[in-house]
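The values are calculated or read from the model by the stated rules, or taken from the named source; none is laboratory data. Quick caveat, the model's predicted, so the values are computed rather than measured. Every residue, glycine among them, receives a Cβ derived from its backbone with ideal geometry; neighbour counts consider all protein chains shown. Accessible surface areas use protein heavy atoms only, side chains included; no ligands, DNA or RNA. Shrake-Rupley method; radii C 1.70, N 1.55, O 1.52, S 1.80 Å.
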Amino acid sequence: MKDRRKRVSLFLILLLFIFTFTLSTLRLLFTEKYHPNLLSSWMTSPAEVISGDLPTRTGISIGETVSFPDQVLILLKYPPSSPLLTKEEFACVYFSPNTSQKSYSSPLSIDGEYLGHQIVRCEVPPRGTIASVGLKARANHDLQPGPTHDWKSLAYEALIDRDNTTVVFVKGLNLRSGRPSNASKFECVYGSGQLVLRSEVVSIAQEIVRCKTPLSILTRKPNDVKVSVKIKGRGVLGSIARPGLWAGPERPILNKHMVCVCTMLRNQARFLPEWVMYHARIGVEHWFVYDNNSDDNVEEVIGLLMDQGFKISRHVWPWIKTQEAGFAHCALRARDFCKWVAFIDVDEFIHLPYGDRLGSVINNQSSRHDVAELRVSCHNFGPSGLKQVPLEGVTVGYTCRLGIPERHKSIVRPDKLDPTLINIVHHFHLKDGFKHVNVDRNLMVINHYKFQVWEVFKEKFYRRVATYVSDWQQEENVGSKDRAPGLGTRAVEPDDWSSRFCEINDTGLKDWVVKTFSDPLTGSLPWQQE
């Protein structure tokens, strides 16, 4: 009898051990510390893996929504290691809070990873409705809307600079252009859950606010914290800005690139190869491309160029009419990698009439230690008699320009910029003790292919990335130099468009490009598409 009881006890102990081991194993498998890679079958959409019956914490959710005049931008949060969905797997959803009725449409466009989120752009919702996102793989699986912010009043980007100040990019302060404002009238506000901290504003100008970063913020994960700006005696701007991008590498780079380029573009993919290949030949080593809501295949084109060895950094910049802010952001990013940075557009080509290398010209023009900016005059080229996009590229196709240069673009030393980061029309304010030099046009000039064939021109000026003209068909800043002289606001091609802006036949750059790049057998150029 005793032996039987002993065997039963041993059996119960063994069962208890097995149960405990199994429970511990299951606990290990399903805790957040364990993240298995979920592989779906070829018939299964990624949306089915990360939504539906899975726990809520593993699904996609809406983080923030920003309302623009012509679209809404929805920022989606993904669980760790989950694949991003494609445009075809999303639907824009519009519903009224007071009814069960919904309407659907396809997204205008999407972007890939952006500061831990994915961007989905939808049409402006009808009056009285709210915009959201639905996942097509699961019927009726519409995501709950996140907080919606008005673009007219918003802190939209932030980064922590190497001096431990926070640089905040804001919309809605309506400060005077080109000059600093009184910092004592503002303060920065940091928030995360129950944590709310205030800090002093060091400088403020245009859309850029520089704050003293509280020590407790520096020791936290920046993505956990939002930062905004308060006008003393008034309210705090809405914010989606998390200072999660730290400017510069952890260690100083000893061998910086001699010359880099910063640009902002929208739907310029077909022009990128020529622009990159040309500037690489004259000495540019790295390109910082700020993508301002492109919906062409610009990401694919950049990838192909990178496969050929060109060093290009694409940065998603979804903020409309913020070119100066984007260039300030780029200057901070490029500062630790580049000695000099040129701020030019994709339709602008630095022309060296004597065929010198760009670095050599820059060194000769900046032999004095106090020179921190080179200002380069721009020649504006017209359609040159063409009615269709030239297959050989802009440098060869457009050869007729206006006689008098207009404006200038700048090549700067990013480490010598004023901390306010004030910049207007592609030139920056410099630190005290530094100056600019106007470069002789015989040594260096910019060919600006500003007035191309109508097909290109109307797209460029419909919704420019520049600051001054939001829509060239609107009666806004009609006298601005960003507009085409004599065109006004009519979206109709003038009969004589192809012959306009033609005063001097200038084939200098064309001749050099043909001589330098043409295939000796076929005569074709490397960026020409078959």
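Can you name the residue in the stretch 359-391 that is of a type in the set (K, R) and part of a loop (DSSP other than H, G, I, E, B) and is also farthest from the chain's Cα centre (by Cα) among such residues? Within the stretch 359-391, the match that is farthest from the chain's Cα centre (by Cα) is R368. Residues in the stretch 93-108 that are modelled with pLDDT of 90 or more and open to solvent by less than 30 Å² (accessible area, probe 1.4 Å): 3 in all.
Here is a yes/no grid of residues against (1) in a loop (DSSP other than H, G, I, E, B); (2) open to solvent by less than 20 Å² (accessible area, probe 1.4 Å); (3) in contact (Cβ under 8 Å) with a residue 24 or more places away in the chain:
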site: L159; (1), (2), (3): no, yes, yes
site: D163; (1), (2), (3): yes, no, no
site: T166; (1), (2), (3): no, yes, yes
site: L175; (1), (2), (3): yes, no, yes
site: G191; (1), (2), (3): no, no, yes
site: R198; (1), (2), (3): no, no, yes
site: I204; (1), (2), (3): no, yes, yes
site: V209; (1), (2), (3): no, yes, yes
site: S216; (1), (2), (3): no, no, no
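Between E88, E113, the distinction of being under 29 Å from V298 (Cα atoms), at pLDDT 90 or above and open to solvent by 40 Å² or more (accessible area, probe 1.4 Å) belongs to E88 only.
Within the stretch 502-517, the set of residues being assigned to a loop (DSSP other than H, G, I, E, B), open to solvent by less than 70 Å² (accessible area, probe 1.4 Å) and out of contact with any Pro (no Cβ under 9 Å at 6 or more places or on another chain) comprises D506, T507. For I18, the conditions (1) open to solvent by 50 Å² or more (accessible area, probe 1.4 Å); (2) modelled with pLDDT under 50; (3) under 16 Å from L143 (Cβ atoms); (4) not in a loop (DSSP other than H, G, I, E, B) are fulfilled apart from (3).
The residue that is nearest to E324 (Cα to Cα), among those in the stretch 404-427 that are basic (K, R) and open to solvent by less than 50 Å² (accessible area, probe 1.4 Å), is K409.
If you go through the stretch 88-120, how many residues are touching a Lys or Arg at 6+ places or on another chain (Cβ under 9 Å) and β-branched (V, I, T)? Here the count works out to 3.
Name every residue in the stretch 76-85 that is open to solvent by 10 Å² or more (accessible area, probe 1.4 Å) and assigned to a strand (DSSP E or B), in order of residue number. Result: K77, single match.
Kindly establish whether R357 is touching a Gly at 6+ places or on another chain (Cβ under 7 Å) and not assigned by the TED database to the domain that holds R162. Yes; evaluated as a whole, the condition is true for this residue.
Looking across the stretch 320-341, the residues that are open to solvent by less than 10 Å² (accessible area, probe 1.4 Å) and within 22 Å of R179 (Cα to Cα) come down to T322, A325, G326, F327, A328, H329, C330, A331, L332.
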